[in-house]
Structure formats: C-alpha cells, structure tokens
Ligand SMILES: Cc1cc2nc3c(=O)[nH]c(=O)nc-3n(C[C@H](O)[C@H](O)[C@H](O)COP(=O)(O)OP(=O)(O)OC[C@H]3O[C@@H](n4cnc5c(N)ncnc54)[C@H](O)[C@@H]3O)c2cc1C
C-alpha cells in the first residue's frame, strides 16, 4: 500500500529535521509508542500499544533512520509485530521550507500482515493515514512547544 | 465466538454502570454487533465488559418540545419501526433501515454505532443532516455536543474515558420537508461504500433549505455546507453536487478507490436530492 | 416384463419436497460440531501468518504451561507420517511432499504449523495464541504469471521455475486451421480465484478405541470411503479398523472433496492422547486453509472463416495451483481443456497448460471444476468473433453447433458427447425472452443513451464422473437395497449426498420400482461401517452414476421379490404396485410385507433362490454424460456509477430426464447464484507477500438472497443413453452457464463504447472507469 502525504511543522527546516532524528521526540509522537531503546547507529527497539476503537494490540519492533541527507531528507523504517499482525512501513521524508514552517512530505510503502491484513481491508488504509496524521500532529505540537521554550529562553 | 477470557458485568442502573466504567478500564457492551466480532477475532481483548443491555432507562424514543430524544440503547430496528421517528425524523428511520441485516438491526444500537464511529456506518450521515445533538454523561459530568463535533476521525469520537453516549436529540423535521438516504452498500460487508443523507425544504418552487450529510467516503462523516449553500442560492442540483467532497480525504480499499467514492458521493447526493424534492411539499 | 397395471402414483418426475428439509429447517439435524463425546478434547491449529517464511524456532512451552492443555504437536512429531494425498497424476508432475504440519518452512498463509490440544475450545485457543513461532519472512509470489517470469522467488526451493507440470493436448491440425483462417480472434481471459465458502466450515472428530484398536473419524466430507482409504494410508493403519462417518454436511461445492491434513492429524492425535478430539474450522481458517477454486489465466485464439465457420481453437492455460497439490489440484485445468470446444464442431484444437506453484492455498475442485473456466473462455471468444464478423451471436452459435445427427460426437479433445440437441435450449431461451423484441428495445435504449445488454451463453459440461479409466480412484458407484422383514426398504448409496437431495430422489426411485410408499423407504449414506464402498458425490455424479447403481440394484431385487410373490400367489406373472405383489392375470394380491416376511422366514423358497431380500450393485458407467443448455441475461448498466442491474435471467438447461423438478430447480438456482458470485462480486485477493486480503466475509462478497434476480428456469429433455434412467446431471450447470452469459451481456451493453472484453468480477468501479475512458480498460 502506497501512502503519500505532506504536513507542515512549525519552525525552520533544520530544527524540524533535528526533531525527526531525536528518539525522544519520535517516541513521543509515534501513536501508542511506549518506548524506544537504542540498539545501534540510528536504530531503535520499539514497544508500542495500538488502540483504535475497540481494537488493541501490542507491537514490538524496530525503528531505523537511514539515507540521512540533512536537512533535506531521510528514510524512516518502522516495523513491528504482535499477536494481531505485523506492520512494516518504509518511507522517504523530504523537508522543504514552507509558509509558516517546514513542509514534510512523506512518500512510503506500508505492508500489513496477519489478522489485521486479513480482516481489516476496509480499514487499513484509512487507519494507516490516520496514524501518520497523528504522528505529524504531535510532531507539530512538539515543534511549537520547542519554539515556545526557545523564545522564552531568548 | 472464542474470545479471550473476560469478566462480564450487567449493571441494572445507569448510576451503577457509570460507577463501574469510571476508571476507563472497562469496555461497554451494547448490541455487540461491532464489539463481539472484534473479540471473536481477538482484535479486541477487553478484560472487563460492562453490558448496558439490562438498563431499561437507556432504551426509549420520545418527542418533547420539538426535539426527538432517542436513548442510546435503542436498536436499529426500534428506530426503523418507531412511529415517533417516522413522524418526526423519517430520515433517521430510513437510514436505520439500511443498516446490515435483520439480525444486526435487532441487536445493534444507535449509541453503539456512533460510539464505534466506523467511517462506513450509516447513521452519521443522517445525524449530520439532522443537526443532531448528542448527550454524553459520566459519573461526574453531563454534556451535550453537536454531532459534527462528536465524530473526530475514523473510529475516534469526542468521548472521554468513563463517558457514555446517553441520548441523541434531533430537532423535529418541519412538515413538508423532503428527505432521502441513498446508500451504496459494500457487497460483502453491507457497510456504506458511500451513504448520503439529505433534507430539503421547498419554497416557491425553489430549495429554501438543504442539508447534506455524507458517510463512507472519507475517514469521518461530514456535512457539505458548500453544496448546501449553492442549492439554497438557486444552483441547480447537478452543478451544486459537483464539488461535493472536495478537499475531503477519501478512503480507498480493495472494492472502491477514493476517486470512485468521491464520484459516488456526488452522483448519489444528486439522486438523493431529487428524491427528497419529490417527497417535499 | 411389461407392466400393464396402471401406475397412478409414480413418483419419479414429480416435485416431491425434500425429505431432508424438516430436520434441517427445524435445527434438529446433527452436524459435526453437534457431536459431543465423554472426555472429548479440542484442537486449535497454529497457522502461518506469512505467505512464505523459514521457521526459525517454535516454543511450545508457554502453551503447554497453560491450564487444560494436554499436548502440543509440531512438524517434528508427524514427520514420519504420510503426506496429504494427491490422487491426480500427470506425466512429469512435480509433487512436493505435503507434510501434515509445516517442517522448516511455510509456503502459504494458513499453513498449519502446530496443533494445541486442550480440554475445551477456549483454553485451546488461548494456548494456541501462546505458542511462540519465530519466522524469517521470505519473498513470496502469488500471481501465477509473475511466478513463471524470470527472477521470481521460488515457492519450493527445489523447483526454481515454479512450474509443477506442463501438459499438451492436440486434436486435428490446428496449425493448418490457423493458416486457413480468414479471421483470428485473440484474448486473454481470466477466471479469478474463488473461495468456495461452504456455510458449514470443515470439521473433524476423531475417536480412538484402544480396546478395539479402531478409530472412528467423523468428518464433514463429500467422500467418506476415499477418505477412509487415504487416511489409513497416511497413518499406516489397517483400513478396516478405520471408520469414517459423515454427519450432516452443510455444503461442500468441491471444497470437501478432499483429504486434508486435519483429518489425519486428528486421527493421529486421538490415538496419541487416547481421548476423542474435535477440531472445527473457523471462518478465517476456512478462507486460508480450505481449497480455493478457479485461478486460471487463459490465452485463447480462435480461427474462423468470414462466413462464421469456426476452424480451430488454441489455448494457453496458466493455472494457479497454490503451494501444494491437494487431492485433485493438477487435474482441474485438464478438465478445462477437455471441455474447451464447448458445443461446437471444432476439428482442430490445441491446448497447453502450465501448472504453477504460488504462495497461496491450493486450488482444487470448486463447483464446475475446470468447466466454468473453459465455458467462460469459449463463450466469450464466440461473442468476440461474432462482433468481429458483425454477425448475431445466436446465428454464429447455431451455425457451429454439433448437429443432432452427429451423436455420439467425437470431440477434438478425445471425448464422445453422448447425446444432444444443442439448438433446442437456445431457441427456447430466445423464444422466452422475445429475442427480436429485446434487440429492438436495445436499439431504442441506445438511442436514449442507456446501456442495455443482451448476453447469451450456451454451455456443455462433462458430468457423471465418470468411467473409472478417466478417474484416479475409480469412477463407478454402488448401491445396496434391502427389504427388511417387515417390508420396509433401506437404500444404501456409496455416493455421499450432502445437500443434493438424494435421500428424496433415491427414495422416489425405490418407491416406484418396488411399488411401495416413499415413507417406507430410508436412504442411508455416509458411514463406511454401514454402507458398502463407494466413491462419493462430486462432478454431478450422484444421480447419474449413484442413481444408476441403485437402478440396477432395484432391478435385481425386484426380480427376487417377484419370485417370492409368484410362488406365494402361485402364478408366473407378478407386478409390484400399491404396496403389494399383484397377479397380473387374476388381480389377486399379497402384501409386500407378507412377501418380505416369507423371504426372511424362509419356510419355503422359490427354486434356486436364497433367503432374504438384499441386493448390491456396483455400476461402472460406459461414458460421461454431457448436459448442455443456454442462459440468456438482460442487463442494464448505470452510466453514472457503473452499477449492473440484471433485468432478466433465463436459464434453459438440458439435464436429460428429470427425477424431481423441484430439486433440479434448486440446483439451477444455487448454481446460478455461485455463477453470479464469480461474474459480479467474488474474488480471492492475495497481496504480493502472500497475505490473503479477502480474509473474511467482510471483504469477500458472496451473493446474498437479496442480490438474486428472478431466475426463469426451464428445460429441454434429451435423455442420455449412458445410464438407464436417461439422466445427465445438473449440480454444476447453473455455475457453468452463468458467468459467460452475464459478462457477454455487460460487454454487449458497453459495446457502443467499444468495449470488447472485461475480466471478472465486473465491479462497478471497473465498469465506471471503462465508461469514463470511453471503453478502454
Ligand atoms: C454483519 C454486520 C453488518 C453490519 N452492517 C452495518 C451497516 O450496513 N451499517 C452500519 O452502520 N453498521 C453496520 N453494522 C454495525 C452495527 O450497526 C453495529 O450494531 C453498530 O456499529 C454498533 O452498535 P452495537 O450496539 O452493536 O455496539 P457494540 O458492538 O456493543 O459496541 C460498539 C462500541 O461502542 C461502545 N459503546 C456501545 N454503546 C456505547 C454507549 N452508549 N456509549 C459509549 N460507548 C458505547 C462499545 O464499548 C464498543 O466500543 C454491521 C454489523 C454487522 C455485524
């Protein structure tokens, strides 16, 4: 399943880029993420609890950042598996200056397997989009907070 | 059904139920038509289930002061067949009649349907077109919000942990209003690929009021106020519906792409409007 | 032996209500899941969530530690047992060893990896969730054409090209026919993968009796006797210590014409744990682990003269077999080849099959099994040729049908069509439809910009499977008739009906033959300890082969009853009628019960006659039967949405003589429903990694009652010379005639836009796009 989208994050591109590389920020923004532990260069073990409507599932997996080209682009790979299925997302994030901040364009491929893939056809795409949107909403919030604290510090 | 083990509670009063769910750890069971299939697939793994089915005070349909009040535990069948709904909000009865099959309509409830907020559910289109309000209560709160605020995203509502949907409040439709719910059902699930609910009032051969609620097309139901305004200012139906869903995200699945869904929303909005006009006086 | 006494109440030919129905409709029938036994355990199967993966490790301990768990079995426990059997054989066929449980790799989603056995079903399911399997996912391939392309991942590492077999068949001189052709029409036509969706999923109960060293296996199957032989083989146990019983079967459609891993597994487990064990398939398992049907990609070429004379037909058939061979997997596409000439007088036919492994659940026989694919292909091709020649599709068909005087007709694919009058059902359908008026109406509709279509498909099918020479495990069928001492009649059929209604039709036959009331006849089936060996029900054979066996068993028994009657009435000409033996000359009679009692009490016996009244007949059919028919479908396509409305559905089927019109109507209706399913809604979709995306009924669209058009069903009758009743078989007819008629109709509706072909299912979005793009797919 191919997914694309673009979201605006407040603040300059360099800062948006830095935020996106920061495991603490990633952990905070990824829906349901309960922790990211560094296991290698730009690679983290992830624990996640997904809750959506009545559905809930725990996932364990990995997050990896590669092809870093600051502050323009990088690849983000997220994979997780649990009892209800497995998910693998691999996307290129491209950052460009935009009105009011930085535009982050996402172009990726999401693969879903197991129960969620077998019974959730009607909903997987909608859900995937929603989760990505939640990620960027939180990222935007984190960026605003950061900007607020920065300007307070000035 | 072979779910994981869970504790089952069947409170007899609303008070008792609200006290039980106050912690936010308990899952509410209404008609079970959405929750039980998920438990069966082991996608939903609640440990505590609180059944609202034994609380008589949640099951009523009554009109007073120009508002039709529907208790959350009213089943789709109750709504479809209620004389009060048919008289005061026939659009809602028509939408209820399109839900699933007879078994589902006998078990499923309106409170459960909106709380579940399936993006392909039928009611939301009608609730938006009817400008319904939703009363939400918890052990220590009681608030009433617009349906438009209630539906936040796919499977996501304004409900907070510990809250339940208590009642739906729909303003009684004026005499002479025309209405129509048009649905394109998914051939497998029966859910709405697209569902369009419309209300119209005629005055002097023109459309004086139009309401259009759309479900199934995107991640959440929406009202198309732009098309409504165009119709109210005399734009012909074909043209007014051309822009429906513009700027709204559209869902894709194996059966129908987002583009096709958007197209269906337009076609069926036009058809629903035409039917509604023939029903209006 | 002419019977002169009037036959006021013969039952054959009458619409007798199904004797099976009261118990089914009142919920008192016993299905597999109704079986309960003291100490019975429950099995839950852990299945692969991946389409292809290496199993790195399996940890069963967390499951074993859970309450109520008796045992957990994995591939290592069953490695020495036999494999899931494939009965079909073809030259050069590659047969992967199909273990009951995966060994070090899984090959499709749903592949069984472990079995957890516990004291109840809930505990078993909880424990199955606790089994930890570590997989290393591998590249998968799920599309048969991609699977044979260079560089595709190998489904089975030992066969890099993914080709399970190739098969070539040629009749006449196709090359010459194509050189002589004035017109050649070519098209790629697919018959998409379908999921059979029997309402009752599969299920097994195995009961080991240590004292007797015997095992009773209850299974929801179409083939109890074959299952007994094959499961005994897998387990290495004596066949006569294994008993297979089929309880009520809630639909099979071919999906239960098989021996699956689970049957042998439960038998093995019951013996191991020394307790009865039950396994009932969930719907999701049913989608992932019970055979699918179809999955053919056909490249057709049809050569003809400008006057419409069809000269030759070429087919390249790429068959998606899935990851393994189930019982008949590789044989199904060969049935397509046999029937590819349809009802036409082709002299020159060439077919090449490539059977392809994919990381999907195996395909096998699904209602029609190879014939719907063939019929769909040829009937689409004929319509395309008609268009090319600017000829009416009816005229083109009539011109090329095998003539009434040409039977038995030898086909270019080596068959001998038994009997036929192929124009008759077509003409009847046209008359019923008012064909010329319909065409006028269509012309008018087109002027108004409406998209109205008229589609015709004629079909021939190969039924009454079949002579033993043509089938892997025998093609005969058996029947025993017993007249009990009280005069009650028990029929035991080796066919194992499961919804077809032979408890009714066979009782009609027996009642007529013996002159007794239908309520005095009981039809017994589906228990290998009670019923003599038989082959089973599939391939529209129940009545055409099983009924013929019964016919002869009845004839033999009748002769014996007459002997007793004649002795007792002291005459030499006796008929059986009205529950009595009647002396034709004097009209004197003696009740059937008295005759039966005399035969068992045996105080006095006719000359050279044994006591008792039992006869058994094993009947070997000399040929297949070839039913045929014509379906005519009127559709209207909604220009704005692409939605298809079926305005009329006319089915004229010729299944030879009809024993019970009500049951035949039921078969036609059910068959058409499944045909419409394929034409309009159903499709099993795997993604590239092997995930079954249509994994539940929420996404896989089977037809519902309210989707069905009114079916105007009627018949012509051309008796078959193959069996004494003249019947041909009707179980699959509806499915076979339907899909090409519907697609021809919709293509006809869209013809003004230049549409020439559309692959199934005809989903509204597909049609809408075609309309939007002016006919381009
Ligand atoms: C075969 C089938 C076909 C269907 N087809 C359609 C269709 O065509 N159109 C359509 O709209 N729907 C369809 N449905 C869904 C059906 O309408 C459900 O009844 C409905 O979505 C949920 O209502 P319920 O009462 O069954 O709720 P439940 O399944 O009991 O609960 C659903 C969710 O809502 C929560 N909940 C329930 N009541 C409340 C409350 N009062 N306050 C807060 N939370 C609550 C529960 O905790 C749960 O999370 C179908 C369902 C099935 C099984």
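Here are the numbers for the structure shown:
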| item | result |
| --- | --- |
| Computed over chain C: relative contact order in percent, which uses C-alpha pairs under 8 Å that are six or more apart | 15 |
| C-alpha center-to-center spacing [segment A:54-124, segment B:60-131] in angstrom | 37 |
| Area projected by the alpha carbon convex hull of segment C:588-746, averaged over all directions, nm² | 17.7 |
| Cα-based convex hull volume of the protein assembly as shown per residue, rounded to whole Å³ | 213 |
| Over chain B, relative contact order from alpha-carbon pairs under 8 Å, at least 6 apart, % | 16 |
| Cα-based equivalent ellipsoid of segment B:130-281: semi-axis lengths in Å, sorted from largest, via gyration tensor | 27, 22, 13 |
| Principal-axis tilt of helix B:258-279 within chain B, Cα atoms, nearest 10 degrees | 70 |
| Sequence of C:279, C:681 once ranked by neighbouring C-beta atoms within 10 Å, starting from the fewest | C:681, C:279 |
| Three-way shape label, segment C:404-557, alpha-carbon gyration tensor, a/c 1.5 | prolate |
| C-alpha center-to-center spacing [segment C:396-445, segment C:210-254] in angstrom | 44 |
| Ascending count of other beta-carbon atoms within 10 Å, so fewest first, for C:73, C:357 | C:73, C:357 |
| Three-way shape label, segment C:5-114, alpha-carbon gyration tensor, a/c 1.5 | oblate |
| Residue mean of other protein chain beta carbons inside 10 Å, C:685-693 | 4 |
| For chain B, alpha-carbon Rg relative to the globular expectation (2.2 N^0.38 Å, N residues) | 1.00 |
| Gyration tensor (alpha-carbon) shape descriptor, segment A:2-146, a/c threshold 1.5 | prolate |
| Whole-number percent relative contact order across chain A, with pairs defined as alpha carbons under 8 Å at least 6 apart | 27 |
| Per-peptide average of other Cβ atoms within 10 Å, ordering C:85-96, C:528-539 highest first | C:528-539, C:85-96 |
| Chain B - mean residue ellipticity at 222 nm from DSSP helices (-39,500 (n - 2.57) per run, n ≥ 4, rounded to 500) | -8500 deg cm²/dmol |
| Largest to smallest principal axis extent of the C-alpha atoms in segment C:523-595, angstrom | 47, 24, 17 |
| Sequence of C:205, B:194 once ranked by neighbouring C-beta atoms within 10 Å, starting from the fewest | C:205, B:194 |
| Burial ranking of peptide ranges C:193-200, B:246-253 (average Cβ count within 10 Å, highest at the top) | C:193-200, B:246-253 |
| Scattering curve values for segment C:157-211, log₁₀ I(q)/I(0), Debye with Cα scatterers, q = 0.18 Å⁻¹ | -1.01 |
| Translational D in µm²/s for segment B:218-269 (Stokes-Einstein at 37 °C, 0.692 mPa s, Kirkwood Rh from C-alpha pairs) | 287 |
| Descending semi-axes in whole angstrom, ellipsoid equivalent of chain C, from the Cα gyration tensor | 42, 39, 22 |
| Shielding by partners - mean other protein chain Cβ count within 10 Å, residues of B:249-257 | 6 |
| Residue-averaged 222 nm ellipticity for chain A, from DSSP H runs of 4+ at -39500 (n - 2.57), nearest 500 | -11000 deg cm²/dmol |
| Pairwise label distance in nanometres, residue C:186 with residue B:259, each label 7 Å out on the Cα-Cβ vector | 2.9 |
| Using alpha carbons only: equivalent-ellipsoid semi-axes of segment B:92-170, gyration tensor based, whole Å | 21, 13, 12 |
| Per-residue mean of C-beta atoms belonging to partner chains within 10 Å, peptide C:698-704 | 6 |
| Helix-only mean residue ellipticity at 222 nm for chain C, each DSSP H run of n ≥ 4 adding -39500 (n - 2.57), per residue, nearest 500 | -8000 deg cm²/dmol |
| Centroid-to-centroid separation of segment C:729-777 and segment C:337-392 [C-alpha atoms, Å] | 16 |
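Every read-out reported here was derived from the displayed coordinates using simple, explicitly stated rules and does not represent laboratory data. Note that the structure is a prediction, hence the values are computed from the model and not measured. Positions of Cβ are generated from backbone atoms using ideal geometry, with glycine treated the same way; all protein chains shown enter the neighbour counts.
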